[in-house]
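Report on the structure given below.
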Amino acid sequence: MIIERLSQLADPALCPRIVLKVGSALLVERGGGVRGEWLASLVAEIAEAQARGQQVVVVSSGAIALGAARLGLAKGGRASLADAQAAAAVGQIALAGTWAELLAGHGLTAAQLLLTIDDLEDRRRYLNAASTLARLLESGAVPVVNENDSVATAEIRFGDNDRLAARVAQAARADAVVLLSDVDGLFDRDPKDPGAALVREVAGIDETIRAMASGGSASGMGSGGMVSKLQAAELAGRAGIALAIVNGTHRAPIARALGQGTGTLFLAQRRDGGRKAWLGGRLAPAGVLTVDTGCADALAAGSSLLAAGVVGVDGDFARGDLVTIHSAKGDRLAQGLVEYAAADCRAIAGRKAAEQAEILGYAPRAAVVHRDHMVLL
């Protein structure tokens with residue numbers, strides 16, 4: 001059985017484990033304080049979900065906004081990387097304390113988990129995070145996850161908690177993700193347009209759907225926007241996880257959205273195995289391999305990537321690094337673990353197997369990227 005309607009997100013039989021993402025603009029007031037009444041209503045909904053047999057993981061933004069207010073930093077703590085890191089270090093204590101206090105009021109135990117992108121990009125660390133999440137959920141705790149912004153930099157970060165929520169859902173083996181937004185969901189055009197219509201269900205993300213999204217965070221507090229939510233939906237969908245975007249500005253927002261059927265539900269597209277789901281969810285490729293049309297067709301049919309089909313190599317990567325495979329038009333086709341370093345890839349690009357040994361000075365491997373270590377995007 002798969003989740004096909006928003007109301008089914010409250011069904012423990014169909015959705016026993018759910019990830020709930022809360023953004024800064026919803027959780028923190030303009031002055032830098034927590035929206036206490038609103039958050040209390042949301043925590044009550046989490047307690048209700050737990051009581052009916054669902055396990056909930058929270059991905060919560062807000063540390064930088066809270067810390068910036070306490071330190072008196074300009075631009076909400078985002079004037080510089082140093083400001084953001086300092087604000088996060090202060091704000092994370094306040095954020096975790098707030099969640100712990102409110103959840104304790106319902107007899108629930110909060111657990112804090114701070115992650116960097118490397119924690120989910122590296123396979124061993126990803127499995128460690130998955131194991132921790134599983135044990136916490138089995139113990140009845142509510143994990144509250146955030147990016148570790150006190151040490152993250154522009155080069156090593158998720159960039160938004162929408163994508164983090166999708167990656168956490170993969171690691172937690174969740175059935176659904178709910179992204180609380182400041183709008184009802186995805187609209188077919190700018191929601192400020194009087195003629196804009198809510199898209200209630202998306203069976204697959206293509207260029208038409210992407211064209212409906214606009215980047216940026218309207219509040220100025222967060223780092224995401226509708227584009228990042230679509231990226232999160234793609235990450236979740238490849239792992240067999242449904243994702244919903246609903247309006248979080250109201251009290252008890254989940255009950256309102258599910259009761260009225262107001263929101264956008266992205267249906268799960270497929271269920272990759274654990275390792276392939278991890279590969280498909282990785283966000284920091286070390287390079288790009290461009291392939292010709294014939295090779296692109298072969299990849300779509302399930303073949304490995306052979307050197308003969310490679311027409312371009314970008315990046316400085318080592319054997320075993322993650323690379324993205326693009327078509328000649330620049331479309332992302334797949335990503336996987338490369339069998340050659342960048343220099344060797346350039347040397348054998350476009351060459352047949354019979355030529356590769358002489359070029360390399362050693363027997364060539366079966367493929368540049370083997371299908372067992374590759375996932376289609």
Helix 161-172 against the longest principal axis of the chain: what's the angle in degrees, Cα atoms only, rounded to the nearest 10?
80
List the trypsin sites (Lys or Arg not before Pro) within segment 20-97 that DSSP assigns to loop and that have no more than 11 neighbouring Cβ atoms inside 10 Å.
ARG52
Leaving out same-chain residues fewer than 8 places away, which lysines sit with a Cα under 29 Å from that of LYS229?
LYS21, LYS75, LYS192, LYS276, LYS329
Relative to the longest principal Cα axis of the chain, at what angle does helix 36-51 sit, 0 to 90 degrees, rounded to 10?
70
Sorted from largest down, give the three principal axis spans of the alpha carbons of the chain, whole angstrom values.
70, 45, 43
Express in whole angstrom the spacing between the alpha-carbon centres of segment 301-348 and segment 77-102.
40
Report, for the chain, the % of DSSP beta bridges that are antiparallel, rounded to 5.
40
How do LEU127, LEU137 line up, fewest other C-beta atoms within 10 Å first?
LEU127, LEU137
Computed from every Cα-Cα pair in segment 285-376, P(r) in 5 Å bins starting at 0 and rounded to whole percents is 3, 16, 31, 27, 18, 5, 1
Points 7 angstrom from Cα along the Cβ direction at ALA347 and LEU360: gap in nanometres?
1.0
Report, in debye and to the nearest 20, how large the dipole of the chain comes out about its Cα centre when Lys and Arg carry +1 and Asp and Glu carry -1 on their Cβ.
380
Considering only C-alpha atoms, what is the centroid distance from segment 1-65 to segment 164-218, in Å?
16
Where is the GNM fluctuation largest for the chain (alpha-carbon springs, 10 angstrom cutoff): ALA13, ALA363, ALA96?
ALA363
Estimated FRET transfer efficiency (LEU267, ARG52; beta-carbon r; R0 25 Å; 0.05):
0.60
Please list, ordered by chain and number, the residues whose modelled amide H lies under 5 Å from the amide H of VAL57; skip anything fewer than 5 residues away on the same chain.
ILE18, VAL19, LEU20
Once phi is turned into θ = phi - 60°, what whole-Hz ³J(HN,Hα) does the Karplus curve with 6.51, -1.76 and 1.60 give for every residue of segment 96-107, x standing for Gly and Pro?
4, x, 5, 4, 4, 5, 5, 5, 4, x, 10, x
Between segment 220-286 and segment 349-377, what's the alpha-carbon centroid distance in Å?
35
If I build a Gaussian network model for the chain, linking alpha-carbon pairs within less than 10 angstrom, which residue out of THR132, THR264, THR293 has the largest mean-square fluctuation?
THR293
So what J values fall out for segment 250-265 if you push phi through Karplus, 6.51 cos²θ - 1.76 cosθ + 1.60 with θ = phi - 60°, rounded to Hz, Gly and Pro as x?
8, 5, 6, x, 5, 4, 4, 5, 6, x, 8, x, 9, x, 10, 10
Applied in sequence order to segment 86-94, the curve 6.51 cos²θ - 1.76 cosθ + 1.60 (Karplus, θ = phi - 60°) yields integer Hz couplings, x standing for Gly and Pro, of 5, 4, 5, 4, 6, x, 5, 5, 5
What value, in deg cm²/dmol to 500, does the helix sum -39500 (n - 2.57) over DSSP H runs of n ≥ 4 give at 222 nm once divided by the residues of the chain?
-11500 deg cm²/dmol
Given H placed 1.01 Å from N in the peptide plane, which residues other than close sequence neighbours of ALA111 have an amide H under 5 Å from its amide H?
VAL142, VAL144
Would you pull out the residues with amide H under 5 Å of ASN247's amide H, same chain only if 5 or more places away, H placed 1.01 Å from N?
SER181
Quote the relative contact order of segment 285-376 in percent (integer), defining contacts as alpha-carbon pairs under 8 Å separated by 6+ residues.
34
Relative contact order for the chain using alpha-carbon pairs under 8 Å, separation at least 6, rounded to a whole percent?
15
Which residue, ARG319, ARG123, ARG173, tops the fluctuation ranking in a GNM of the chain built on C-alpha contacts under 10 Å?
ARG319
Between the Cα axis of helix 123-138 and the main Cα principal axis of the chain, the angle (0 to 90°, nearest 10) is 30
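Computed from the coordinates by the stated procedures, all read-outs in this text should not be read as laboratory data. None of the values given here were measured: they were computed from a predicted structure. Don't worry about glycine lacking a Cβ; one is built from the backbone with ideal geometry, like all the others, and counts go over all protein chains shown.
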